[in-house]
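Some notes on the structure that comes next.
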Amino acid sequence: MVKVNLRSQERYGGVLNAPHRAFLRSIGFSDEDIGKPLVAVVAAWSEAGPCNIHTLQLAVHVKEGVRRGGGGSPLTVPTIVVNDNIGMGTEGMRYSLVSREVIADTIEAQINAHAFDGFVGIGGCDKTTPGILMAMARLNIPAVYLYGGTAEPGFYGNLKLTIEDVHEAIGAYLAGKITEDELYEIEKRAHPTYGTCAGMFTANTMAAIAEALGMALPGSASPPATSARRVMYAVESGVALMNAMELGIKPRDVMTYEAFENAITVLMAMGGSTNAILHLLAIAHEAGGVKLTLEDFDRISKRTPYIASLRPGGDYVMADLDAVGGVPLVMLKLLKAGLLNGKVLTITGKTMEENLKNYKFPNVPHDHIVRDVSNPIKPWGGGIRILKGSLAPEGAVIKVAATELMRFEGRARPFNSEEEAFQAIRRGGEVRPGDVVVIRYEGPKGGPGMPEMLRVTAALVGGAGLGKDVALVTDGRFSGATRGFMVGHVAPEAAVGGR
């Protein structure tokens with residue numbers, strides 16, 4: 001039996017709570033069930049896309065783990081999903097970032113309204129992981145994060161495909177570089193299984209960060225959604241939650257400032273999505289106000305080598321990383337180099353160092369995917385850098401992992417919306433080599449919603465063939481799949497007086 005104070009007993013115990021118990025009995029609970037810790041399995045579930053279509057199946061296995069791990073009484077509850085790829089380049093993208101807050105709020109409402117004692121949160125598409133982690137930090141009751149898993153890559157001839165290739169193929173089609181039939185074949189093959197986008201885009205980045213924060217089980221970020229190991233981790237996450245409840249471990253015990261430093265270090269080493277900066281700042285705010293700033297990201301980036309060759313900056317996908325050791329392989333290299341704090345507590349009840357020491361790594365070559373710290377992929381530090389200047393006095397971000405350029409000078413080509421810029425690129429000849437495309441009024445207020453701009457960036461790289469000849473600056477966001485000399489998150493945004 002767990003050794004935690006059960007707030008569920010205040011809701012369901014005693015004579016005066018008979019009406020509350022009556023509703024639990026109506027769904028099949030016995031006296032024994034009512035007397036156990038009440039555990040939620042929060043599934044970010046939706047059939048509107050492949051990323052979260054399977055999370056209800058995973059919830060079944062988590063519930064098995066809860067029962068096996070200490071006699072909890074688990075119930076599955078849902079939260080929403082806004083699928084970023086389906087909304088990309090449309091009005092739907094206005095709802096993407098704000099859905100993160102909706103996810104956190106709906107979890108808070110359900111957990112507190114029903115007096116759950118702890119929960120496992122299952123996420124997938126981009127905003128579900130940060131939304132769930134925000135709720136965990138806010139509620140501060142025992143909790144474990146479980147990722148739904150990446151999709152497997154597709155293949156077209158000898159080309160390994162991700163959804164990034166479809167977006168860039170549209171640009172190539174508009175530029176007359178490929179036929180409609182070729183575009184159709186790429187479309188059919190790019191995302192062949194359920195699960196999240198295959199590269200180190202935002203979903204896989206945030207899964208890696210959940211591990212690096214210590215809120216997910218070691219190695220749980222990388223197995224594909226189709227893997228039997230995904231089921232294994234679901235069961236073990238249920239067991240881990242009951243262990244955390246017995247030990248009295250809560251999210252804020254794990255999500256300390258030092259844990260966020262570890263997460264940023266892993267982000268920089270893996271060349272992850274720029275969206276992680278927004279999400280980590282939001283999670284830190286919920287974690288009792290952990291004082292995380294943009295300066296922390298830049299400080300850590302300057303000392304951290306970029307060592308994981310993962311798309312869009314590299315050549316491999318999450319399933320490839322899984323085959324050689326997953327996120328623990330990256331963290332072990334960083335730990336041995338003194339770049340990771342191994343003393344931080346994790347949700348397992350052990351330190352990060354203890355977790356990595358006990359992790360079973362496959363005995364296979366891995367240098368082609370994850371290099372040693374002494375031999376980084378690029379020589380200038382981490383995969384993301386923070387920029388400041390006359391256009392961005394409050395900061396901006398660039399993923400240097402996804403570009404070969406470290407400096408760009410050219411003519412400003414301003415647009416007042418993403419759609420205006422896309423139509424200019426589509427017409428051809430209006431954006432030329434040497435231009436700096438400036439897209440304004442796409443920030444949190446101006447967008448509204450700070451939309452991602454993969455349609456524009458992919459059109460520049462895949463269609464116009466200007467990835468090395470044009471830069472882009474915007475107060476909006478980028479997809480984790482964006483590559484090229486792209487500067488985003490310019491602050492202050494144009495809608496509140498920025499340039």
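In the range 436-447, is there at least one residue being among the β-branched types (Val, Ile, Thr) and open to solvent by less than 10 Å² (accessible area, probe 1.4 Å)?
Initially, the range 436-447 is screened for residues among the β-branched types (Val, Ile, Thr), giving 436-439.
Add one more test, that the residue is open to solvent by less than 10 Å² (accessible area, probe 1.4 Å), and what stays is 437, 439.
Yes: one or more hits.
Among the numbered criteria (1) part of a helix (DSSP H, G or I); (2) acidic (Asp, Glu); (3) surrounded by 18 or more Cβ atoms within 10 Å (Cβ to Cβ); (4) touching a strand residue (DSSP E or B) at 6+ places or on another chain (Cβ under 7 Å), which single criterion is violated by Glu185?
For Glu185, the exception is condition (3).
Being farther than 17 Å from Ser479 by Cβ, open to solvent by 50 Å² or more (accessible area, probe 1.4 Å) and more than 20 Å from the chain's Cα centre (by Cα) is the filter here; which residues of the range 148-173 pass it?
The answer is Phe155, Tyr156, Gly157, Asn158, Leu159, Lys160, Tyr173.
Could you say which residue among Met232, Met206, Met215, Met255 is open to solvent by 70 Å² or more (accessible area, probe 1.4 Å), within 20 Å of Thr129 (Cα to Cα) and aliphatic (A, V, I, L, M)? Can you show your working first?
Numbers: Met206 fails: open to solvent by 70 Å² or more (accessible area, probe 1.4 Å); Met215 fails: open to solvent by 70 Å² or more (accessible area, probe 1.4 Å); Met255 fails: open to solvent by 70 Å² or more (accessible area, probe 1.4 Å).
Met232 is the lone residue from the list that is open to solvent by 70 Å² or more (accessible area, probe 1.4 Å), within 20 Å of Thr129 (Cα to Cα) and aliphatic (A, V, I, L, M).
For Thr482, indicate whether it is under 19 Å from Arg94 (Cα atoms), in contact (Cβ under 8 Å) with a residue 24 or more places away in the chain and in a helix (DSSP H, G or I). First the steps, then the outcome.
Values: under 19 Å from Arg94 (Cα atoms): yes; in contact (Cβ under 8 Å) with a residue 24 or more places away in the chain: yes; in a helix (DSSP H, G or I): no.
So Thr482 does not fit the description; no.
So, restricting to helices (runs of 4 or more DSSP H) that lie completely within the range 24-140, which ones have at least 2 residues that are under 17 Å from Ala207 (Cβ atoms)?
Working: elements: 31-34, 55-70, 84-87, 96-113, 128-139.
Once the helices (runs of 4 or more DSSP H) in the range 24-140 are filtered for at least 2 residues that are under 17 Å from Ala207 (Cβ atoms), what remains is 55-70, 84-87, 96-113, 128-139.
Looking only at the range 313-330, filter to residues that are assigned to a loop (DSSP other than H, G, I, E, B) and in contact with a Gly (Cβ under 6 Å, 6 or more places away or on another chain); which one of those is most open to solvent (accessible area, probe 1.4 Å)? Before the answer, list the steps.
Taking the range 313-330 and keeping what is assigned to a loop (DSSP other than H, G, I, E, B), we get 313-315, 317, 325.
Among the residues that remain, those that are also in contact with a Gly (Cβ under 6 Å, 6 or more places away or on another chain) are: 313, 317.
Details: Gly313: 30, Val317: 1 Å².
Checked the range 313-330; the qualifying residue most open to solvent (accessible area, probe 1.4 Å) is Gly313.
Going by the structure shown, is Val60 open to solvent by 20 Å² or more (accessible area, probe 1.4 Å) and either within 21 Å of the chain's Cα centre (by Cα) or farther than 21 Å from Leu278 by Cα (or both)? Break it down into steps so the answer makes sense when it comes.
Details: open to solvent by 20 Å² or more (accessible area, probe 1.4 Å): yes; either within 21 Å of the chain's Cα centre (by Cα) or farther than 21 Å from Leu278 by Cα (or both): yes.
Spelling it out, Val60 is indeed open to solvent by 20 Å² or more (accessible area, probe 1.4 Å) and either within 21 Å of the chain's Cα centre (by Cα) or farther than 21 Å from Leu278 by Cα (or both).
Across the range 370-406, which residue is nearest to the chain's Cα centre (by Cα) among those that are more than 18 Å from Gly313 (Cβ to Cβ) and surrounded by fewer than 21 Cβ atoms within 10 Å (Cβ to Cβ)? Talk me through it step by step, then tell me what you get.
Quick first cut of the range 370-406, residues more than 18 Å from Gly313 (Cβ to Cβ) only: 374, 388-396.
Still in the list and also surrounded by fewer than 21 Cβ atoms within 10 Å (Cβ to Cβ): 374, 388-391, 393-395.
On the way: Ser374: 27, Lys388: 25, Gly389: 28, Ser390: 30, Leu391: 28, Pro393: 27, Glu394: 24, Gly395: 22 Å.
The selected residue is Gly395.
Would you tally the residues in the range 259-295 being in contact with a strand residue (DSSP E or B) (Cβ under 6 Å, 6 or more places away or on another chain) and under 20 Å from Leu139 (Cα atoms)?
Selection size over the range 259-295: 0.
Which ones in the range 261-283 are among the hydrophobic types (A, V, I, L, M, F, W, C), closer than 16 Å to Ala135 by Cα and touching a residue at least 40 places away in the same chain (Cβ under 8 Å)?
Start the filter on the range 261-283 by keeping residues that are among the hydrophobic types (A, V, I, L, M, F, W, C), which leaves 263-264, 266-270, 276-278, 280-283.
Now narrow it down to the ones that are closer than 16 Å to Ala135 by Cα: 278, 280-283.
Residues satisfying the conditions are Leu278, Leu280, Ala282, Ile283.
State whether the residues of the range 430-442 include one that is modelled with pLDDT of 95 or more, under 21 Å from Ala481 (Cα atoms) and assigned to a loop (DSSP other than H, G, I, E, B).
Yes: the range 430-442 contains one or more residues that are modelled with pLDDT of 95 or more, under 21 Å from Ala481 (Cα atoms) and assigned to a loop (DSSP other than H, G, I, E, B).
Which ones in the range 44-82 are touching a residue at least 12 places away in the same chain (Cβ under 8 Å) and among the acidic types (Asp, Glu)?
Correct list: Glu64 only.
Please go through the range 83-111 and pick out each residue that is free of Cβ contacts under 8 Å to residues at least 40 places away in the same chain and in contact with a strand residue (DSSP E or B) (Cβ under 6 Å, 6 or more places away or on another chain).
Matches in the range 83-111: Thr106 only.
The values are calculated or read from the model by the stated rules, or taken from the named source; none is laboratory data. Predicted model, so just to flag it, every value in this text is computed and none were measured. Because the Cβ atoms are built from the backbone with ideal geometry, glycine has one as well, and the counts that use them run over all protein chains shown. With ligands, DNA and RNA removed, areas are computed over all heavy atoms of the protein, side chains included. Shrake-Rupley method; radii C 1.70, N 1.55, O 1.52, S 1.80 Å.
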